[in-house]
Amino acid sequence: MHKRRVAILISGRGSNMAALIEAAKAKDFPAQIVLVASNIAGAGGLAIAAANGIETLTVESKPFGADREAFERAMHRELEARNIELICLAGFLRLLTPWFVTQWEGRMLNIHPALLPSYRGLHTHERALADGVKIHGATVHFVVTEVDSGPIVIQGAVAVRPGDTAQTLADRVLQVEHRIYPAALRLVASGHITSGRGAVAADTDDVFISPRLD
Ligand code: GAR
């Protein structure tokens, strides 16, 4: 089996990155994590990746200032040099230009802490709580030029509990993120889903009602 060559792009602590690295240790996993790259020097996830024997790289975005594309071209060169086939954005806090997105069209995934298309952008948990939604969650999707849009690969939901704060809700959603991102990468790397073909039909009749009915 050819394991697809994956780069994970991070900016911070890298807990989703760590979940992907763990999953990719399975013998039958269709992808290998060959690079973890950060735009922030000293991002916490870099040390975790290095401890797992994965090559790490920092291409700082700061020196490029407002020239997003120049930063991306530098990052792109590094990815090409390693024959990267798929990118997973995992807490990569950088808006991407159409140029970069086009280079990786259909080959770049992102995880977003909300049930898209609800709550695009920042502060998703605060906004979900303010609206009083009863179900919240996370989404893995292909990256397109419009931010937090693009074909959805998988979603995971949690019940919003009375008394939840943005932090308690974020913690529960994060546990779901750590399950769905490896599952999404498995689906995409194995060719079971492509951005052109849309979502895989769910082979489940599960319903999730919140608050629970007695
Ligand atoms: C995750 O919750 C991810 O969904 C979110 O940042 C966190 C990164 O945590 N991403 C975004 O908000 C993207 N707009 P991690 O570094 O521990 O994976």
Q.
Given the criterion more than 26 Å from ILE193 (Cα to Cα) and among the aliphatic types (A, V, I, L, M), identify the matching residue among ILE111, ILE48.
A. ILE48
**Q.** Whichever residue in the range 18-30 is in contact with a helix residue (DSSP H, G or I) (Cβ under 8 Å, 6 or more places away or on another chain) and closer than 13 Å to ALA183 by Cα and, among such residues, is surrounded by the most Cβ atoms within 10 Å (Cβ to Cβ)
**A.** LEU20
Q: Kindly indicate which of ILE33, ILE54, ILE40, ILE87 is of a type in the set (Val, Ile, Thr), within 16 Å of the chain's Cα centre (by Cα), modelled with pLDDT of 95 or more and more than 16 Å from HIS178 (Cβ to Cβ).
A: ILE87
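Yes or no, residue by residue, for (1) within 12 Å of the ligand (Cβ to nearest atom); (2) touching a His at 6+ places or on another chain (Cβ under 9 Å); (3) part of a strand (DSSP E or B):
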position	(1), (2), (3)
HIS141	yes, yes, yes
GLU146	no, no, no
GLY150	no, yes, no
VAL158	no, yes, yes
ARG161	no, no, no
LEU185	no, no, no
VAL188	no, no, no
HIS192	no, no, no
Q: Residue by residue through the range 56-81, note down the ones that are acidic (Asp, Glu), free of Cβ contacts under 8 Å to residues at least 12 places away in the same chain and in a loop (DSSP other than H, G, I, E, B).
A: ASP67
Q) Just one of GLY53, GLY45, GLY12 is small (Gly, Ala, Ser), part of a loop (DSSP other than H, G, I, E, B) and within 15 Å of the ligand (Cβ to nearest atom); which is it? A) GLY12
Q: Might you let me know whether the range 92-103 holds any residue that is surrounded by 14 or more Cβ atoms within 10 Å (Cβ to Cβ), closer than 27 Å to ASP203 by Cα and away from the ligand (no atom under 11 Å from the Cβ)?
A: no
Q. When residues of the range 85-110 are filtered for being part of a loop (DSSP other than H, G, I, E, B) and under 13 Å from MET75 (Cβ atoms), how many remain?
A. 5
(Q) Given the condition surrounded by 16 or more Cβ atoms within 10 Å (Cβ to Cβ), under 18 Å from the mean Cα position of the chain (by Cα), among the acidic types (Asp, Glu) and not assigned by TED's automatic domain parsing to the domain that holds ALA90, answer yes or no: does some residue in the range 143-160 qualify? (A) yes
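The values are calculated or read from the model by the stated rules, or taken from the named source; none is laboratory data. No experiment lies behind these values; they were computed from the predicted model shown. Neighbour counts run over all protein chains shown; Cβ positions are idealised from the backbone, glycine included.
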